[in-house]
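Report on the following structure.
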Amino acid sequence: MIDVLFEQQVVQNPGLGAETIWYAVSEAYEVRNRAGGMPLLLAFVVLPLAFHKRSANALASKAKPGALYKAVASDREITLGLQERMQALSDRTLQSLSIGFSTGLLLLDSGEEPELIPGRKTPPVDHVTEEVKILLAAAKRVGQSIGELPKAQLTTHLNIRF
């Protein structure tokens, strides 16, 4: 019997998740002029936005700065169900973080508030499929927004809680 979620499991795998989180972390790190990374808790926002087609398309098509504001203004419904998607993808996010740490793609700066920083400067893989390029572009926009906005403002704007 074929698993009905087979396609989702193949596309939304933890390896691709680790790379997606790396794109967001790398962008947040650059926005903060390499002086700070992405708060560890906010990594749980990346996959639910990037692996969600409507959200990814809205985010990927927006330019910096303020890409998240622009995306939500153009499609107010992308925040609907985000809390539930975060909870549903929490295991996948943890698996992705584990792969990111074990491969050196991500590093943890365990200061007052644990932050993720990129473990490498360049993307690990060059992708050719348009869908993956869109989700990675969306991840960059999420990271850029995390770098620009305080955590409280971001969680209020996205209507999420931890």
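Could you tell me how many of the residues in segment 1-34 are at pLDDT 90 or above and under 16 Å from the mean Cα position of the chain (by Cα)?
Final tally of qualifying residues: 18.
Checking the conditions here, which among LEU16, LEU42, LEU47 is in contact (Cβ under 8 Å) with a residue 60 or more places away in the chain and open to solvent by less than 10 Å² (accessible area, probe 1.4 Å)?
Details: LEU16 fails: open to solvent by less than 10 Å² (accessible area, probe 1.4 Å); LEU47 fails: in contact (Cβ under 8 Å) with a residue 60 or more places away in the chain.
Just a single option satisfies the conditions, and that option is LEU42.
Look at segment 103-162 and say how many of its residues are outside any helix (DSSP H, G or I) and among the basic types (Lys, Arg).
3
Keeping to segment 67-91, report how many residues are under 16 Å from VAL46 (Cα atoms), touching a residue at least 12 places away in the same chain (Cβ under 8 Å) and not in a helix (DSSP H, G or I).
Looking only at that region, the number is 1.
The values are calculated or read from the model by the stated rules, or taken from the named source; none is laboratory data. Fair warning: this is a prediction, and the values are worked out from it, not measured in the lab. When we count neighbours, we look across all protein chains shown, and the Cβ atoms used for this are built from the backbone with ideal geometry, even at glycine. The protein model used for the area step is the full one, side chains on, heavy atoms only, and it has no ligands, DNA or RNA in it. Shrake-Rupley method; radii C 1.70, N 1.55, O 1.52, S 1.80 Å.
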